Amino acid sequence: MASKSFKGRLSNLSSSSDIPDGLGKPPMPPTVTFGRRTSSGRYISYSRDDLDSEIGSGDFMNYTVHIPPTPDNQPMDPSISQKVEEQYVSNSLFTGGFNSVTRAHLMDKVIESETSHPQMAGAKGSSCAIPGCDAKVMSDQRGEDILPCECDFKICRDCYTDAVKTGGGVCPGCKEQYKNTDLDEMAMEGALPPLPLPLPNGMSKMDSGMSRMERRLSLMKSTKSGLMRSQTGDFDHNRWLFETKGTYGYGNAIWPKEGGFGNGKDDDVVEPTELMNKPWRPLTRKLKIPAAILSPYRLLIFVRMVVLGLFLAWRISNPNTDAMWLWGMSIVCEVWFAFSWLLDQLPKLCPINRSTDLNVLKEKFETPTLNNPTGKSDLPGIDIFVSTADPDKEPPLVTANTILSILATDYPVEKLACYVSDDGGALLTFEAMAEAASFANIWVPFCRKHGIEPRNPESYFSLKRDPYKNKVKSDFVKDRRRVKREYDEFKVRINGLPESIRRRSDAYHAREEIKAMKLQRQNREDEPVETVKIPKATWMADGTHWPGTWLTSSSEHSRSDHAGIIQVMLKPPSEEPLHGTDGTIDEARLIDLTDIDIRLPMLVYVSREKRPGYDHNKKAGAMNALVRASAIMSNGPFILNLDCDHYIYNSQAMREGMCFMMDRGGDRLCYVQFPQRFEGIDPSDRYANHNTVFFDVNMRALDGLQGPVYVGTGCLFRRIALYGFDPPRSKEHHQGCCSCCFSSRKKNKHASVAHTPEENRALRMGDSDEEEMNLSLLPKRFGNSTFLIDSIPVAEYQGRPLADHPAVKNGRPPGALTIPRELLDASTVAEAISVISCWYEDKTEWGDRVGWIYGSVTEDVVTGYRMHNRGWKSVYCVTKRDAFRGTAPINLTDRLHQVLRWATGSVEIFFSRNNALLASPRMKILQRVAYLNVGIYPFTSIFLIVYCFLPALSLFSGQFIVQSLNVTFLTYLLVITLTLCMLAILEIKWSGIELEEWWRNEQFWLIGGTSAHLAAVIQGLLKVIAGIEISFTLTSKSGGDDEDDDFADLYIVKWTSLMIPPITIMMVNLIAIAVGFSRTIYSVIPQWSRLIGGVFFSFWVLAHLYPFAKGLMGRRGRTPTIVFVWSGLIAITISLLWVAINPPAGTNQIGGSFEFP
């Protein structure tokens, strides 16, 4: 153990306002200053310099620093002092930011209700018995009191420290000397410490001055020839694991210098029969599409390409001389449609399916072996990000249910950390998360005990099926009834939080006004008392100001101007399982949790700092803040991001994703994308909300190339890929198309890279061939946080797959991740506050190359594109049971605005440097075509709008796009239609979607193409050319007042300008059909062929727009008046325009012979 002293200085409770403003330019970012309120009421602040330097005088506070259990510091249980410090950290609300002191406010209570779980912030405990001190007594991981004296006198940590340092070590209760004055020794009292593992020969204890990286990475020294493979010369990890006495440190192995292996003889190397007889098994498999389906599918694509080419050639060579304008418009549209179809179809040539083997994952990572005798999980850690911004638009109950599903997921508890990003800084979200953490105390053990699926309580208790099916435990019915009652009360508390916060704030505000008026009366005895105006603050449950956004916005307390906030809602769990007790014995437990692990994953609330004058980059900026904060606090090598309305439906989803990351070649995967599945969609899926064609056809097809695109949620990232590094062995896989011409020049470079240790080549950024990265450039890319930079190689190493196969390169030895984590301390959380400040990204590459990419409303697609452009691969993981489920807008207007946002982002991508035409050679050709289609598809709307009007123009004019409906035209049209239908049938076969889903997708393709996509093109062009940004807002509502209908929102009609083009198309085509019939019937020589052609294509347009027309009708004819007004205006305008253009026969004047009286 090593101790360090911190110099204490008194600091003010409020934010620092005495910092002088810079002259002419903004001040430089300050050094992080940590201020903390002790249990005795003192406020102590210390700067980063104080934390890193020894101080020889002044007021001291003792902190204990625990060296991680490397081979040089043998494993032992964490000290009580560290646990108490971690408890203080978890009970403190950390705030800070630009030009302000980083403070830790000790929370006596986080929510109004009581908390019983020992991991939760504000957990109740015994009070200190020292008069005048209301601090809590030290407690262990179960929340039980730690009493240092045999008289059981209750004393808090600060008072105990004072008694030992200044009181002569005398117990304030019995006045006897403490028998044990060392908290570290108290930790071991009553239990024998584990025997330390022997150090290798010739090695001694390392000094305490080593850096964190040096402590975590041990040395590899042995290169015994008997352990080398004869063919490859690589070290045989399998032999070393079973034949040597290696001791693992924080990552790498230390090999003993002993000469004998096996039976003790130097030359005899004995292989255990277990190793020889046990074959290596992969974690994943590729399931290829049957050739009976895929071969005809590819053939049909080729046939349709040929037919389209011949058809366009015929159309161009056979113009309609009677209506060249009509023919010309149709030719241009048809050429574009053929090009657009080609971009969409070519990436579908190589679809594949994949499967995982969870049994193999458990066998490799969680089964007792010689290197892991206890069977402790060797899986890497995962940091889960949940983003929310506005509790009014994203109900806290929905977010809380998502958090509960994460906390209850089937993954090692100590390996999980959940971070909730509240970009609005709302107290409502904060307290809702605290309520969720409190309810998790009973919900998570209940799920583990009975194997509950899904682990979202709202979804579970709303299941239509029998909840008692396949439940074998006799007490399930009783447990479920009790948990259901608790959940109902939990919902009442969540739904009552807005009113509770408002009432509490009003009460505290009234009290402050009364105090101010009393103070004014005391100062002005004879003068009349004026009304005192005090800013109306929002108050927390412990009676202090909320540092985030107030209900009544104020300076430094608004959505765009507030301090950074971090609150550890649930502190990190203990390394060993913590089993519950019988509910009849422990009154705090409603159910019997004997032999059930009651630990909860770490839960952290984060609200990044926002200040006026800074571009906070919306969701992408919030996600990058979480990346930095999590790197310092938990540093999981993998990151799962979820929207607040997407919960974990399959508790083993993360294990399935980890199968891909930990399999052979998994170190080259940047992310594993899961399909999005939705609940609450109407049975007919009127507006194609399920989007199954994209998720089950396009994404599976991309999985056969370089990987699926990133769609914003339900994605498991490799942290190193988000940092902007190139994939391992990138130079080996991509030598460029001209490598054969310049092989002599590149040969030496690649040879030098090949001789560089893989540990140095694993982290590479950019296109340079240097063997090692220039570490001096890292602060310019990642910022000035040394904690963050030090965490990068650790995350890279921990994310490697196991080196258990000759083909596994860049692997790690088994057992390397069974080492206990480092405990949270105050300086760590203070550093996390600094990296979420508004100034941290200045002059760095965050948002440009590192993290989520800025500059587009569809930051997800751009972020995935950048990774693929650097040579990374991605994988599409479709699980038998849906991995995640969320909600989607079933209302027509909301759906159109959702599509508008996506299309606007695509237009921005097309006009940016992220255009696939500018992709690097590392991206595969068909993958580039897929990304090119992402940027081009909105422009199809221009040609689609024109083509939808062509049938009406044909009926109005009496002409058609061809001279006559001859056999050649009809044959081409028939073949093109049949090949399209056959391709659709084969896609349905290999993807598993339904024919109705395919048809719904076709319908909404035209609805969105004639409304949202066109608006996106206009919006994008105005933004790029003129810098003008326009928005499309909602106006009136109608319908949807039936609260008993689950799909009431489907019938709500909210008028938006996006509806004008489709309505116009429908009205024009309907009028044109009537005009065409009238002309043909009453004409002397009826032109039936032209009428049939025009009417057929008009019905084709109207059939696609049928869901749109049905949506306008609302429910029971309750259509907004504005729809009738627009329809009437459009009909009258078209009629008058047609009469003006083509007046009746026998009149020469516009409008015929009609005259006003």
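The values are calculated or read from the model by the stated rules, or taken from the named source; none is laboratory data. It should be emphasised that the depicted structure is a prediction, and the values quoted were computed from it without experimental measurement. All Cβ positions, glycine included, derive from the backbone under ideal geometry; neighbour counts span all protein chains shown. Keep in mind that these areas ignore ligands, DNA and RNA; they rest on the heavy atoms of the full protein, side chains included. Shrake-Rupley method; radii C 1.70, N 1.55, O 1.52, S 1.80 Å.
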³J(HN,Hα) across the stretch 466-480 via Karplus (A = 6.51, B = -1.76, C = 1.60, θ = phi - 60°), whole Hz, x for Gly/Pro?
-> 5, x, 9, 6, 6, 9, 9, 6, 5, 9, 5, 4, 5, 5, 5
Would you kindly state how much longer the chain becomes between SER1078 and SER462 on full extension, computed as 0.36 nm times their sequence separation minus their alpha carbon distance, in nm to one decimal?
-> 216.1 nm
Full-extension gain in nm, PHE694 to VAL967, via 0.36 nm per residue minus C-alpha separation | 94.7 nm
Per-residue HN-Hα couplings for the stretch 427-433, Karplus 6.51 cos²θ - 1.76 cosθ + 1.60 at θ = phi - 60°, whole Hz, x for Gly and Pro?
-> 5, 4, 5, 4, 6, 5, 5
Take each of the peptides 410-416, 329-335, average the number of other beta-carbon atoms within 10 Å over its residues, and list them starting from the highest.
-> 410-416, 329-335
Using a probe of 1.4 angstrom, how much of the accessible area of the stretch 649-708 is carbon and sulfur, in percent?
-> 43
Say a paramagnetic label sat at a point 7 Å from the Cα of ASP542, along Cα to Cβ; which residues of the stretch 809-844 have their backbone N under 20 Å from it?
-> 824-834
Got a sec? What order do ARG655, ARG521, ARG503, ARG881 fall in by accessible area at 1.4 Å, biggest, i.e. largest, first?
-> ARG503, ARG521, ARG881, ARG655
Can you send over the solvent-accessible area of SER340, 1.4 Å probe, protein chains only, in Å² to the nearest 10?
-> 20
Take every Cα-Cα distance within the stretch 573-653, group them into 5 Å bins from 0 onward, and report for each bin the whole-number percent of pairs it holds.
-> 3, 10, 14, 15, 16, 12, 11, 9, 5, 3, 1, 0
Can you pull the one-decimal nm distance between simple spin-label points at ALA338 and LYS1110, each 7 Å off the Cα toward Cβ?
-> 3.5
Step through the table entries LYS536/LYS610; LYS376/LYS478; LYS376/LYS618; LYS286/LYS619, compare each Cα-Cα distance with 30 Å, and write down the pairs that go over it.
-> LYS376/LYS478; LYS376/LYS618; LYS286/LYS619
Over the alpha-carbon set of the stretch 577-725, work out the extent along each principal axis and list the three values in angstrom, largest first.
-> 57, 47, 40
Computed FRET value (nearest 0.05) for LEU1021 with LYS618, which takes r as the C-beta separation and R₀ as 30 Å = 0.85
Taking R0 as 45 Å and r as the Cβ-Cβ distance between ASP842 and ALA129, the FRET efficiency 1/(1 + (r/R0)^6), rounded to the nearest 0.05, comes to 0.35
Accessible-area value, GLU512, 1.4 Å probe, nucleic acids and ligands omitted, Å² | 50
Per-residue ³J(HN,Hα) for the stretch 280-295, Karplus 6.51 cos²θ - 1.76 cosθ + 1.60, θ = phi - 60°, Hz, x for Gly and Pro | 6, 10, x, 8, 9, 9, 8, 10, 6, 5, x, 4, 5, 9, 6, 5
What are the residues whose amide H is under 5 Å from the amide H of SER387, where those residues sit 5 or more places off or on another chain and H is modelled from the backbone?
-> SER421, LEU642, CYS644
Measuring from the lowest to the highest alpha carbon on each principal axis, how far does the stretch 281-381 reach, largest first, in angstroms?
-> 87, 32, 13
Measure off 7 Å from each Cα along the Cα-to-Cβ vector at THR367 and ASN318, then give the distance between these two points in nanometres to one decimal.
-> 6.8
Full-extension gain in nm, ASN523 to GLU1002, via 0.36 nm per residue minus C-alpha separation = 164.8 nm
Largest-first principal axis extents, alpha carbons of the stretch 454-613, Å | 78, 38, 36
The stretch 839-989 - accessible surface per residue (Å², probe 1.4 Å) | 37
Considering amide H positions built from the backbone, and no H for Pro or chain starts, which residues 5 or more places from ARG812, or on another chain, come under 5 Å of its amide H?
-> LEU802, ALA803
